[in-house]
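Here the structure comes first, spelled out in structure tokens, and everything after it is commentary.
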Amino acid sequence: MNISHRQDQKNLVSTTNPKYSLFLLLCFGLLSLLFLIPGRFNHSEQSASTVPNQDKQCLESITKFGFDLSMFHIEEGKILRNDYLGKLLTGCGINQQCISSLADKAKNVFSVTKIQPGKKYAFVSADSCGKPNYFVYEPNAWSYIVYKLGDHPEVSVVNRPIKTEIVFEEGHITSSLWDAMSDKGITLPLISLMENALGSQIDFYHVQQGDSFRLIYETKSINDEIVNVGNLIGAYFKNESKEYYAIYYEGGKQKGYYDLKGSATKKSFLKSPVEIGYISSRYSLNRMHPILKYRRPHLGTDYAARYGAPIRAVAAGTIEDAQKRGGNGLYVKIRHDKTYETQYLHMSKLGAGIHAGTRVSQGQTIGYVGSSGLSTGPHCCFRFWKNGKQVNHLKENFPDPEPMAKEDITKYFQYRDVIVDHLKKGETEALSIPFELPSSDSCKNAQGLIRS
């Protein structure tokens, strides 16, 4: 017993020895490294392995321009002024031979000369530190061009899937039509469609407080983002207690917008050559000229509008003259028939393909608002000839269009009732169109919702 007790005392003494305590501390630290830290790594692996399969699939399927982002590096930018594809690719180490081959290959698909400043682009690389394998160019919201680089270049156009929906919108005018529609998020393309449908019935420059509108139309969306409007299906406008309808219909020989009686809403002449603006000076035989400062006849109607706004032909016809001359500035003159001619002055530039001899359709863009010639600001001076004499077009009574054929009127009335009912109820649920709506190019031409 005494020996054992002394041994215990010896052990107690030895464990209190500072060197022995340090040894135990080191052992404990080593055990921590062996067990605790590996445990942490095992936990991390377990956490990764317990990510639900669905989430893992989502992570694995994240792509852009069709490239898996877990495998490719994408560097995006915008084309700057004076940039061109050769310059961009050379800066990334792509040799001239590859660039020339690519330009050759692209000619019949999407030429590299079509690349414009302000548009988006991206370099796609398999190795983030290496040369790009692909160049992607976005000319618009609904498509992109993939240029494959390397010894065997390829070029392809990829169209993004577009979702089309039929929607309803309404509004009340408290100040101006533009403000009322802008407050609803309605932009220029839809306003343009409405004015084209109703422009022969309503003078949109004289809408007033208390007027209202209702519209049924298509929207075009990409990745749940509305990029533009498609077709206007039905429109209602209340102006000075009068109600107007325009319903798009195709059947038999009929194609276009019609009112409740089945008459085409478009007359032979539109009321205005510009869509958004206001009359700044009327037809007058004794007007004080704002620049020359003396009175003389003003045989036209001035429509003030934003610089660069489209100017449209008020009726179908043939271009007689398109040039820049004197106080008229840059102008276009159109012969419509044996009786009528129209002229559009002070343009900033002509529309595409507009020159003497060109045949144009009603509503076609023939030029853009400017301030060329004798002008104090951007506007279109619109002049109207009848039998060789300039007249006030706002006082002209133009002939009504041909009535709908009798064999088509019954079917139209059935369809009309459906659209009018939806316009009154303010909804589009279960609305079906019994004919195929025309494919719309408004996405390509409009400036409202398109993102560059």
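The values are calculated or read from the model by the stated rules, or taken from the named source; none is laboratory data. Just so you know, these numbers come straight off a predicted model, no measurement behind them. So basically every Cβ, Gly included, is an ideal-geometry build from the backbone, and we count neighbours across all protein chains shown. All accessible areas refer to the heavy atoms of the entire protein, side chains included, with ligands and DNA or RNA removed. Shrake-Rupley method; radii C 1.70, N 1.55, O 1.52, S 1.80 Å.
Only residues that are open to solvent by less than 70 Å² (accessible area, probe 1.4 Å) and more than 19 Å from K119 (Cα to Cα) were counted in the stretch 149-167, giving 6. Residues of the stretch 187-232 being under 24 Å from V418 (Cα atoms) and under 13 Å from the mean Cα position of the chain (by Cα), which ones? Once the filter is applied, which keeps residues that are under 24 Å from V418 (Cα atoms) and under 13 Å from the mean Cα position of the chain (by Cα), the stretch 187-232 yields L190, T219, K220, V229, G230. Among the residues of this structure, K220 does not count as one that is among the charged types (D, E, K, R) and assigned to a loop (DSSP other than H, G, I, E, B). Scanning the stretch 114-139 for residues that are open to solvent by 20 Å² or more (accessible area, probe 1.4 Å), polar (S, T, N, Q) and at pLDDT 90 or above yields Q116, N133. Taking the criterion of being buried (at least 16 other Cβ atoms within 10 Å of the Cβ), in contact with a Lys or Arg (Cβ under 9 Å, 6 or more places away or on another chain), in a loop (DSSP other than H, G, I, E, B) and of a type in the set (A, V, I, L, M), the only residue of the stretch 376-433 that qualifies is M404.
Evaluation of G118 against the conditions (1) assigned to a loop (DSSP other than H, G, I, E, B); (2) over 17 Å from the mean Cα position of the chain (by Cα); (3) closer than 21 Å to A309 by Cα; (4) of a type outside the set (F, W, Y) shows that the sole unmet condition is (2).
Scanning the stretch 74-100 for residues that are farther than 20 Å from K120 by Cα and open to solvent by 50 Å² or more (accessible area, probe 1.4 Å) returns N95, Q96, Q97, S100. The single condition among (1) modelled with pLDDT under 90; (2) closer than 14 Å to V146 by Cα; (3) loosely packed, with under 12 Cβ neighbours inside 10 Å that K64 does not meet is (3). Residues in the stretch 316-328 that are buried (at least 20 other Cβ atoms within 10 Å of the Cβ) and within 30 Å of the chain's Cα centre (by Cα): 3 in all.
Taking the numbered list (1) more than 20 Å from L177 (Cα to Cα); (2) open to solvent by less than 20 Å² (accessible area, probe 1.4 Å); (3) in contact (Cβ under 8 Å) with a residue 60 or more places away in the chain; (4) of a type in the set (V, I, T) in turn, T219 passes all entries but (3).
In the list Y368, Y331, which residue meets the criterion of being within 31 Å of the chain's Cα centre (by Cα) and under 24 Å from P297 (Cα atoms)?
Numbers: Y368 fails: under 24 Å from P297 (Cα atoms).
On inspection, the qualifying residue turns out to be Y331.
Quick check: anything in the stretch 367-374 in contact with a strand residue (DSSP E or B) (Cβ under 7 Å, 6 or more places away or on another chain), assigned to a loop (DSSP other than H, G, I, E, B), open to solvent by 60 Å² or more (accessible area, probe 1.4 Å) and touching a residue at least 40 places away in the same chain (Cβ under 8 Å)? Scanning the stretch 367-374, I find no residue that is in contact with a strand residue (DSSP E or B) (Cβ under 7 Å, 6 or more places away or on another chain), assigned to a loop (DSSP other than H, G, I, E, B), open to solvent by 60 Å² or more (accessible area, probe 1.4 Å) and touching a residue at least 40 places away in the same chain (Cβ under 8 Å), so the answer is no.
Identify, from the list V146, V167, the residue that is in contact with a Ser or Thr (Cβ under 8 Å, 6 or more places away or on another chain), farther than 20 Å from T63 by Cα and not in a loop (DSSP other than H, G, I, E, B).
On the way: V146 fails: farther than 20 Å from T63 by Cα.
From the options V146, V167, the qualifying one is V167.
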